[in-house]
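Taking it in order: structure first as structure tokens, then the write-up.
The values are calculated or read from the model by the stated rules, or taken from the named source; none is laboratory data. Everything numeric in this text was worked out from a predicted model, so none of it was measured. A quick note on method: Cβ atoms are made from the backbone with ideal geometry, for glycine too, and the neighbour counts reach across all protein chains shown. These area figures cover heavy atoms from the full protein model, side chains too; ligands, DNA and RNA do not enter into them. Shrake-Rupley method; radii C 1.70, N 1.55, O 1.52, S 1.80 Å.
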Amino acid sequence: MHAAGAPPILVANARWDVATGYPNAVALADQLDDGRLLTYEGVGHTAYRFGFESPCVAKVVEDYLRGVAVPPRQGGATAPRSIRPRRATTSLPRRTPPPRRSRRSR
């Protein structure tokens, strides 16, 4: 994939994303003719908006989308791990203990 003639393409990825591994994001940014890598130094899938709310990631992505700024080709940009707590997006059902057996005399 090269995307010849396309404007700079921002590739955002969390360093410890178990769904889309970071090495894949690095490889994609390198393969693109003008790929720019944004690294979120955190855990989880998707670096932008979905539960992480990293102000640093948000600024880089929103500046890119508005055409204000693009991270450099060499080295890209790095966003520190967010200090905001991650919001729960789903709740796991509570585990119900099995019913107790009654002790009957034999």
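Couple of notes before you dig in:
- Top-ranked residue of region 29-49 - restricted to ones that are of a type in the set (D, E, K, R) and either in contact with a strand residue (DSSP E or B) (Cβ under 6 Å, 6 or more places away or on another chain) or part of a helix (DSSP H, G or I) (or both), ranked as surrounded by the fewest Cβ atoms within 10 Å (Cβ to Cβ): ASP30
- Just one of the listed residues (VAL60, VAL70, VAL26) is surrounded by 10 or more Cβ atoms within 10 Å (Cβ to Cβ), part of a loop (DSSP other than H, G, I, E, B) and modelled with pLDDT of 85 or more, namely VAL70.
- Considering THR78, THR89, the condition of being open to solvent by 100 Å² or more (accessible area, probe 1.4 Å) and either at pLDDT 55 or above or part of a loop (DSSP other than H, G, I, E, B) (or both) is satisfied by THR89 alone.
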